[in-house]
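The structure appears below as structure tokens.
The values are calculated or read from the model by the stated rules, or taken from the named source; none is laboratory data. Because the structure is predicted, anything quoted here is derived from the model rather than measured. SASA here: full protein model, heavy atoms, side chains in, ligands and nucleic acids out. Shrake-Rupley method; radii C 1.70, N 1.55, O 1.52, S 1.80 Å.
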Amino acid sequence: LNDNPSHYKITLTGTVKSPKINFDPPFLMLMPVPLDVKTEAAINIIPQDYLRQSQIQVELPELEPEGDDWIYPFTVQFPEGQDIFVSSDGTNKKLICHISFRSSTPVSFSGSIFFIDEEEN
């Protein structure tokens, strides 16, 4: 440079990876049970491409049986925590999630439970 008219060009290339989560199993079917009996299942949440710690939040559906008030029959527990960590090798550890259902009112449901990270993905 120093009074040298030469120009230098630097080209950078890269790939942007968006964080995502996968589920094992990919869908969940809870067994029918008598009223006020709990049914539950465990799923693995598999985070990918998270570069910093994040926390998973859950949006559970509320149901309105015929002629009754809204009920909240689903519960979710994370026995090892809801935090996504980045390990020293850059991978993310899976999270275990227990989903349970109990209702004192007859109801059936087919729908979605939403898992959301801190960036609202």
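Structural remarks
- The chain: proportion of alpha-carbon pairs further apart than 21 angstrom, %: 53
- Average accessible surface area per residue within the chain, 1.4 Å rolling probe, Å²: 78
- Accessible surface of the chain [probe 1.4 Å, protein heavy atoms]: carbon and sulfur percent: 50
- For a straight C-alpha distance cut-off of 19 angstrom, the aspartates and glutamates reachable from Lys17 (same-chain residues fewer than eight places away being disregarded) are Asp49, Asp89, Asp117, Glu118, Glu119, Glu120.
- Tyr50, Tyr8, ranked by accessible area, largest first (probe 1.4 Å): Tyr8, Tyr50
- Selected from Lys17, Lys38, Lys93 as most flexible by GNM, with the chain as the system and alpha-carbon contacts under 10 Å: Lys17
- Of the two radii for segment 59-121, the radius of gyration is 1.11 times the Kirkwood radius, both from the alpha carbons; that is the Rg over Rh value.
- Segment 20-116 - percent relative contact order, Cα under 8 Å, separation 6 or more: 36
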